[in-house]
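First comes the structure, then the notes that go with it.
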């Protein structure tokens with residue numbers, strides 16, 4: 001099975017994603033953290049939750065969930081960056097930029113300005129136009145950066161007894177890497193991957209998350225899903 | 001019945017919107033154009049199409065569709081701006097900015113950079129951050145600018161025998177005007193209005209249209225609809 005490493009895999013989104021990817025039965029996962037003990041605890045929770053899951057599982061066995069430091073998980077074919085935008089540069093630096101050579105790197109990061117009292121969130125675009133375009137500059141030129149999973153409500157990843165049937169817009173400049181990430185997307189619940197064009201489109205996709213949170217805050221909705229059909 | 005004026009009402013979107021609004025049976029429409037004859041022809045087509053429509057119509061009578069110059073339609077309570085972004089300033093100037101005093105003005109305008117050969121469209125944000133924020137500067141301070149209907153595929157408005165069940169994100173800084181536009185939205189087919197927060201959010205909503213066109217171009221889809229649920 002292919003291996004997916006999640007940098008920052010002990011956060012809500014990272015751990016939830018690990019569950020979902022393992023559940024799909026087509027990939028093994030490595031959860032990464034700055035502290036190996038935290039990564040191990042998260043991997044144990046993921047493994048346990050998959051054993052007690054009551055949902056419809058794939059015919060075959062589920063993927064395994066291992067763990068390691070953030071540097072360790074870079075041995076994977078596909079690396080998911082699941083850290084806040086303002087921690088990306090220091091995380092990549094501490095791991096060592098060479099670890100990302102030729103890797104497929106997924107960003108699901110959406111920088112936001114939060115105005116919870118006024119009931120809205122706004123995109124907080126870096127000068128490059130999007131988090132993804134900024135992150136691309138931090139990675140070696142041989143890394144293939146793809147954006148995906150940006151607009152899934154963080155709470156939805158963890159609830160592995162629930163079906164996820166959202167549209168997932170996948171953007172990137174490397175055709176093959178994009179196809180690989182679309183395959184990964186297709187392996188998770190009933191997510192529908194859609195080719196969203198070049199990485200230059202990532203700013204649009206990233207900005208949908210603060211919109212979706214605003215829609216939830218203002219319209220009495222919870223965990224708003226995004227569908228393009 | 002309340003009156004809705006459509007500036008640039010002889011374009012695809014304008015004429016289609018006129019049909020849909022009249023069809024809802026809660027508003028009368030005035031189609032505006034620089035040339036009164038063109039507006040009259042469009043209004044005739046709208047009226048005729050409503051008579052031959054085979055869809056489920058509201059219980060009561062449909063709204064009437066009148067016409068006039070762009071300046072004439074500013075007598076309406078609600079004014080929809082349906083002209084390309086680069087024509088907005090000259091259109092407002094030729095009508096006379098005073099005509100917009102205290103009016104509810106709806107922008108559904110999405111400036112875009114088009115790369116059809118490369119199969120993607122990108123948002124073309126003015127320095128203000130969005131078309132709406134730029135247009136707000138062109139209007140008198142007493143005008144209440146609201147964005148709505150930005151993400152509906154233009155071809156979908158006209159096909160009045162088809163149900164429209166999309167999510168319509170409505171943004172603006174005037175609470176009452178926003179509620180009025182949400183009511184108007186609710187009167188059209190089965191559109192679902194959602195409060196999208198302040199006008200500062202309009203850039204996100206405008207940028208979804210080039211994304212949606214890109215999704216259509218790249219994924220073999222037609223007239224992609226947007227749903228938040």
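The values are calculated or read from the model by the stated rules, or taken from the named source; none is laboratory data. In this text the structure is predicted, and so the values were computed from the model without any measurement. FYI the Cβ positions are ideal-geometry reconstructions off the backbone, even for glycines, and counts take in every protein chain you see.
For residue B:156, all conditions in the list (1) closer than 20 Å to residue A:201 by Cβ; (2) part of a helix (DSSP H, G or I) hold save one; what is the number of the exception?
Going through the list (1) closer than 20 Å to residue A:201 by Cβ; (2) part of a helix (DSSP H, G or I), residue B:156 breaks only (1).
So that you can scan it fast, the table gives a plain yes or no per residue for (1) closer than 22 Å to residue B:186 by Cα; (2) part of a helix (DSSP H, G or I); (3) touching a strand residue (DSSP E or B) at 6+ places or on another chain (Cβ under 8 Å):
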| residue | (1), (2), (3) |
| --- | --- |
| B:28 | yes, no, yes |
| B:32 | no, no, yes |
| B:38 | no, yes, no |
| B:41 | no, yes, no |
| B:46 | yes, yes, yes |
| B:60 | yes, no, no |
| B:63 | yes, no, yes |
| B:68 | no, no, yes |
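Take region A:113-124 and flag every residue that is surrounded by fewer than 20 Cβ atoms within 10 Å (Cβ to Cβ) and in contact with a helix residue (DSSP H, G or I) (Cβ under 6 Å, 6 or more places away or on another chain).
A:119
If you go through region A:174-191 one residue at a time, do you hit one that is surrounded by fewer than 23 Cβ atoms within 10 Å (Cβ to Cβ) and closer than 26 Å to residue B:192 by Cα?
Checked against the condition, which is being surrounded by fewer than 23 Cβ atoms within 10 Å (Cβ to Cβ) and closer than 26 Å to residue B:192 by Cα, region A:174-191 yields at least one hit.
Within region B:131-154, is there a residue that is at pLDDT below 95 and under 15 Å from residue B:13 (Cα atoms)?
Yes: region B:131-154 contains one or more residues that are at pLDDT below 95 and under 15 Å from residue B:13 (Cα atoms).
Considering only region A:8-26, how many residues are part of a loop (DSSP other than H, G, I, E, B) and either within 18 Å of residue A:148 (Cβ to Cβ) or touching a strand residue (DSSP E or B) at 6+ places or on another chain (Cβ under 8 Å) (or both)?
Total satisfying the criteria: 5.
What is the number of the single condition among (1) touching a helix residue (DSSP H, G or I) at 6+ places or on another chain (Cβ under 9 Å); (2) within 24 Å of residue B:125 (Cβ to Cβ); (3) surrounded by fewer than 23 Cβ atoms within 10 Å (Cβ to Cβ) that residue A:225 does not meet?
So residue A:225 meets the others, but not (2).
Return yes or no: is residue B:208 at negative phi, within 9 Å of chain A (Cβ to nearest Cβ) and assigned to a helix (DSSP H, G or I)?
Yes; evaluated as a whole, the condition is true for this residue.
Applying the selection to region A:211-229, what residues are more than 11 Å from residue A:150 (Cβ to Cβ) and either more than 7 Å from every other protein chain (Cβ to nearest Cβ) or part of a helix (DSSP H, G or I) (or both)?
A:211, A:213, A:214, A:215, A:216, A:217, A:218, A:219, A:220, A:221, A:222, A:223
Of all the residues that make up region B:126-138, how many are surrounded by fewer than 20 Cβ atoms within 10 Å (Cβ to Cβ) and part of a loop (DSSP other than H, G, I, E, B)?
So the count comes out to 4.
If you scan region A:176-198, which residues turn out to be away from chain B (no Cβ under 11 Å) and part of a helix (DSSP H, G or I)?
A:176, A:177, A:179, A:180, A:181, A:183, A:184, A:185, A:186
Kindly list the number of the only condition in (1) buried (at least 16 other Cβ atoms within 10 Å of the Cβ); (2) over 30 Å from residue B:211 (Cβ atoms) that fails for residue B:141.
Looking at each condition in turn, residue B:141 falls short on (1).
When residues of region A:84-111 are filtered for being buried (at least 21 other Cβ atoms within 10 Å of the Cβ) and touching a residue at least 60 places away in the same chain (Cβ under 8 Å), how many remain?
Final tally of qualifying residues: 6.
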